[in-house]
Amino acid sequence: MVSALEQYDPQIYELVRQESARESAVIRLIPSENYVSRAVMQASGSCLTNKYAEGYPNKRYYEGQQVTDLIERLAQERAKKIFKADHANVQPYSGSVANLAAYAALIEPGDMIMGMSLTDGGHLTHGWNVSLSSKFYKSVSYPVNPETGRLDYDHIADMAKKHKPKIIISGATAYPREIDFEKFGQIAKDIGAYHVSDIAHIAGLVVAGIHQSPIPYADIVSSTTHKTLRGARGGMLLCKAEHADQVDRAVFPGLQGGPHMHTLTAIAVALAEADTPEFVAYARQIVKNSKALAWKLMEYGFKLMSGGTDNHLILVDLRNKKVGGKKVAKALDRARIVCNYNTIPGDTAPPANPSGLRMGTPAITTRGMKEPEVEQIAGFINRVIDNINNESVIGEVGKEVLLLCSQFPVPGHFIIPNKDNLAALLASGPMTPWLF
Ligand code: DSN
């Protein structure tokens, strides 16, 4: 595949090569990113990209589905097995579409939904005001407790009784603590609402039994397939048998046309990978690494939202460091440490330059890094922030990051910093670590 790409489109080939090198030569701390296996990549780049398969197995609108039906059934069965769900729809193009399909399956436009505030850690599609989810539906957002940084279930219950939403959404994109899905289920039940749970971030931890599963307590569970779950990028819906037809109709023909069969095929591969003891060990290590990162950063004087983490991510409050999140994220990027700036609960700074940094450990765990490497990374982060205006220190940290990366190859990538190219890499400028 690579040589064909090189032959027919050398420009794009070179850019793919550079991205591969970049991914190998940085510490990837964006909690929603990961590295898929070579098998997942191979399935994603396969001939399944050629096939239209509108509909569902045995109910398609195009012929030639002898193979696609088998693949989709496998993906469905694998998803049902690892999540212990009655029904799985593996067609959503993304988590955002999956969330909209979950709402469309259960309520009518104009009804009310209630999800976590985006600035406190929710997602755009949980009813945030710039998202279509707040235009199709009325929406109200619940905050985290500003003192503890944690979900306040009594307050959420009070809000539910006051606003009477038709759907209560649990789940987050920047919440470092375990979510009590049973409580959410009860809050929804008490007001006769549906409970939709979005486990996009923590799906891999749920599969591994490290985070409580919402399956027994939610009407529909929505997820992405790529974050901790480590598959190709896509979405998925899991639900009780009673909602299966509505869910399927909401995805197709409600919101989508033909599923992206190459992605669906790659997701099937990842679901099999997730059904192994190695995956459980990986998921456990994600949390150990996240806790190690939290503790070490706190030792360096960093303030963490909620004072720590139970899952794969941490949210750093930079206000005591007197520097904005954007400046820090960009300096860390120059030191080859990639994370994202993020709002923190109660942030008075604008979302384009908020007071927080979000960091997570799925990708470095996939590379095989453990607590000693995480402590080293925390040291790098501390040095960069202490020397935020000193490009020479930032460059030095970048070189040390590269040395660390050279010991932990990225699965599925054809370029890594290694003993043959490391000297040349270290000699290259701090801003161009991947141009080799
Ligand atoms: N964009 C994802 C994240 O980074 O958390 C959420 O969809």
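The values are calculated or read from the model by the stated rules, or taken from the named source; none is laboratory data. These figures come from a predicted structure and were not determined experimentally. Cβ sites come from the backbone with ideal geometry, for glycine too, and all protein chains shown count toward neighbours. To get the accessible areas, we keep the full protein, side chains included, count just its heavy atoms, and leave off ligands, DNA and RNA. Shrake-Rupley method; radii C 1.70, N 1.55, O 1.52, S 1.80 Å.
In the set (1) more than 16 Å from the ligand (Cβ to nearest atom); (2) within 25 Å of Leu70 (Cβ to Cβ); (3) in a loop (DSSP other than H, G, I, E, B), the condition left unmet by Pro214 is number (2).
Quick grid of which residues meet (1) open to solvent by less than 40 Å² (accessible area, probe 1.4 Å); (2) farther than 28 Å from Arg177 by Cβ; (3) among the polar types (S, T, N, Q):
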| position | (1), (2), (3) |
| --- | --- |
| Gln7 | no, yes, yes |
| Ser46 | yes, yes, yes |
| Tyr56 | yes, yes, no |
| Tyr61 | no, yes, no |
| Gln76 | yes, yes, yes |
| Ala79 | yes, no, no |
| Ser94 | yes, no, yes |
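Filter segment 96-111 down to the residues that are open to solvent by 40 Å² or more (accessible area, probe 1.4 Å) and more than 16 Å from the ligand (Cβ to nearest atom), then identify the one that is nearest to the chain's Cα centre (by Cα).
Just the residues of segment 96-111 that are open to solvent by 40 Å² or more (accessible area, probe 1.4 Å), to begin with: 96, 104, 108-109.
From the residues that got through so far, the ones that are more than 16 Å from the ligand (Cβ to nearest atom) too are 104, 108-109.
On the way: Ala104: 23, Glu108: 28, Pro109: 28 Å.
Selected residue: Ala104.
For residues in segment 267-288 being in a helix (DSSP H, G or I) and without any contact (Cβ under 8 Å) to a residue 60 or more places away in the chain, which is surrounded by the most Cβ atoms within 10 Å (Cβ to Cβ)? Ranking the candidates gives Ala281 first. Only residues that are within 16 Å of the ligand (Cβ to nearest atom), in a helix (DSSP H, G or I) and either farther than 16 Å from Lys291 by Cβ or acidic (Asp, Glu) (or both) were counted in segment 344-385, giving 1.
So, Pro165, is that one surrounded by fewer than 22 Cβ atoms within 10 Å (Cβ to Cβ) and over 20 Å from the mean Cα position of the chain (by Cα) or not? Please lay out each step first, then the result.
Working: surrounded by fewer than 22 Cβ atoms within 10 Å (Cβ to Cβ): no; over 20 Å from the mean Cα position of the chain (by Cα): yes.
Taking the combined requirement at face value, the residue does not satisfy it.
Scanning segment 148-179 for residues that are within 16 Å of the ligand (Cβ to nearest atom) and hydrophobic (A, V, I, L, M, F, W, C), we see that the one that is nearest to Gly115 (Cα to Cα) is Ile169.
For Ala193, indicate whether it is more than 17 Å from the chain's Cα centre (by Cα) and open to solvent by less than 10 Å² (accessible area, probe 1.4 Å). No: the conditions fail for Ala193.
Condition (residue is more than 17 Å from the chain's Cα centre (by Cα), part of a strand (DSSP E or B) and buried (at least 24 other Cβ atoms within 10 Å of the Cβ)) applied to segment 255-266: is it met by at least one residue? Looking for residues that are more than 17 Å from the chain's Cα centre (by Cα), part of a strand (DSSP E or B) and buried (at least 24 other Cβ atoms within 10 Å of the Cβ), one finds none in segment 255-266, hence no.
Name the residues in segment 54-93 that are among the β-branched types (Val, Ile, Thr) and part of a helix (DSSP H, G or I), would you?
Those that are among the β-branched types (Val, Ile, Thr) and part of a helix (DSSP H, G or I): Val67, Thr68, Ile71, Ile82.
Can you name every residue in segment 227-254 that is assigned to a loop (DSSP other than H, G, I, E, B) and within 16 Å of the ligand (Cβ to nearest atom)? Spell out the reasoning first.
The first filter runs over segment 227-254 and keeps only residues assigned to a loop (DSSP other than H, G, I, E, B), leaving 227-234, 240.
Hits for segment 227-254 are Lys227, Thr228, Leu229, Arg230, Gly231, Ala232, Arg233, Gly234.
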